[in-house]
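Okay, so here's the structure we're looking at.
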Amino acid sequence: MKTVVTSDNAPAAIGPYSHGTAYNSLIFTSGQLPVDAATNQVAEGGITAQSIQSLKNLISVVEAGGGDVNTILKTTCYLANISDFAAFNEVYKTVFETDCPARSCFAVKDLPLGVLVEVEAIAHAK
């Protein structure tokens with residue numbers, strides 16, 4: 001049976017969706033924007049700061065579903081500018097130091113709130 005996953009450490013959804021859902025031991029997150037849950041503001045500081053915040057939000061949702069950074073199987077990463085790919089990778093590799101999950105990463109025309117990055121994942125519960 002599907003269950004809804006909600007994290008108090010991730011910003012509220014800006015539309016009709018949940019932070020994530022879980023089925024059996026699998027966790028599916030919605031795309032996490034670089035919004036600070038405490039201030040409800042987009043992280044300032046460009047792609048690096050926004051990447052850090054999006055990944056922090058992502059991990060908080062995975063943890064709320066019973067997983068952790070090491071149980072993330074696949075990420076999909078959306079960039080507003082493909083020219084930010086290298087800078088995004090610099091942040092990404094600090095989060096996933098070894099045994100990196102499978103990943104797709106590509107540029108899209110626009111992202112909600114005019115942000116530079118959004119990241120979603122599939123993980124499993126511990």
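Read the figures in this text as sums done on the coordinates, not as results from a lab. This one's a predicted model, so the numbers in the text were calculated from it and none came from an experiment. Here the Cβ positions follow ideal geometry from the backbone for every residue, glycine too, while neighbour counts run over all protein chains shown.
Of the beta bridges in segment 21-126, as assigned by DSSP with both residues counted there, near 75 percent are antiparallel.
Calculate how steeply helix 85-95 sits against the longest principal axis of the alpha-carbon atoms of the chain, using the helix alpha-carbon long axis, and give the answer as 0 to 90 degrees to the nearest 10. Rounded to the nearest ten degrees, it is 40.
Close amide H contacts of Gly67 (hydrogens built in the peptide plane, cut-off under 5 Å, sequence separation of 5 or more or a different chain): Lys126. Remark on the chain: Cys100 stand apart, with no other cysteine beta carbon under 4.7 Å.
Keeping to pairs on different chains or 8 or more places apart, tell me how many lysine pairs in segment 2-124 have Cα atoms under 20 Å apart. Present the calculation step by step, with values, prior to reporting the outcome.
Details: Lys2/Lys74; Lys56/Lys74; Lys56/Lys93; Lys74/Lys93.
Close lysine pairs under the 20 Å cut-off: 4.
Residues of segment 1-26 with backbone nitrogen within less than 20 Å of a virtual label 7 Å along the Cα-to-Cβ line of Asp99, please, listed as ranges. Counting only backbone N, you get 25-26.
The C-alpha atoms of the chain define a longest principal axis, and helix 46-64 lies at about 0 degrees to it.
Per residue, the convex hull spanned by the Cα atoms of segment 1-99 measures out at 99 cubic angstrom.
Taking the alpha carbon gyration tensor of segment 1-55, multiplying each eigenvalue by 5 and rooting it gives semi-axes of 24, 12, 8 Å, largest first.
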